[in-house]
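Just so it is clear, none of the values below were taken in a lab; they were calculated from the coordinates. Quick caveat, the model's predicted, so the values are computed rather than measured. Quick reminder, even Gly has a Cβ in these numbers, built from the backbone with ideal geometry, and neighbours come from all protein chains shown.
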Amino acid sequence: MGIPHASWLEHWLEPVIPPHAANPEVAPSLEWVLMGLSVVGAAFGILLAFRIYSDLKRAEALKVRFQWLHTLLENKWYVDEIYENLFVRSVQSLSTMIWKHFDVAVIDRIVIGFGRLSSWTGSTVRVIQTGSTQVYAFMILLGAVVTLGYLIYGLA
């Protein structure tokens, strides 16, 4: 499937992505050389692994002899630990700082402020909510008088 210039997959995305011109400075035989090196490297690795692990005593002796290499490979080159120290901890400390100094200090105060404003408005307006029809009729009349006064005299 991945043979250069002889694959049905080579042009399958051309209706969506336009083809690009090949680099004229690179010889076409370079693809074949790199493919061959990859196959030879993979075959060498498979044969070496088969040779080492076919005799578990030999594998254990190599583990003891090259303990530092075994530890390095067992811990995956310490990539996770390096990533943790470089990125995860710094992003985590930045996030904690933003949470404590911005979210708690600013956002929470705004949200709590709106809650207090709503509570204060409700307790203030509650005074005119008496349940008495006569008071409501008086409020409507008062509102009509204020509106008519505004329309007639304006605020000039």
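Assorted remarks:
- For the chain, the longest principal axis of the C-alpha atoms and the axis of helix 133-153 are separated by about 90°.
- Folded to 0 to 90 degrees: helix 29-53 orientation relative to the chain principal axis, Cα: 80 degrees
- Pair HIS70, ALA22: separation of 7 Å Cα→Cβ label points (nm): 4.8 nm
- Using a simple spin-label model with pseudo-atoms 7 Å out from Cα toward Cβ, ASP80 and VAL125 lie 5.7 nm apart.
- Its convex hull of Cα atoms gives the chain a direction-averaged projected area, equal to a quarter of the hull surface, of 29.1 nm².
- Subtracting the Cα-Cα distance of ALA6 and LYS63 from 0.36 nm times their residue separation leaves 16.1 nm of extension gain.
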